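Comments concern the structure below.
The values are calculated or read from the model by the stated rules, or taken from the named source; none is laboratory data. Treat the numbers as computed from the prediction; the structure is a model and nothing was measured. Backbone-built Cβ (ideal geometry, glycine too); neighbour counts: all protein chains shown.
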Amino acid sequence: MRKLAEESARAATEIGTFIAEIQEETQRAVKDMESSVSGIQEGLRLAEIHNS
């Protein structure tokens, strides 16, 4: 029973670590997408100015 509790605690810690890593990667991806959107918006703005 004690070994099972230790293994469960270790597994819970690993799961928490995996979740934290996924959250960090997700935040990075969101920032990259936001940066891409900003670049696209700026390109569109410049194209509109050029075509005016």
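Figures for the structure shown
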{"item": "Flag if ALA20 is within 22 Å of the chain's Cα centre (by Cα), hydrophobic (A, V, I, L, M, F, W, C) and at pLDDT 95 or above", "result": "yes"}
{"item": "Only one of LEU44, LEU4 that is among the aliphatic types (A, V, I, L, M) and either surrounded by 10 or more Cβ atoms within 10 Å (Cβ to Cβ) or in contact (Cβ under 8 Å) with a residue 40 or more places away in the chain (or both)", "result": "LEU44"}
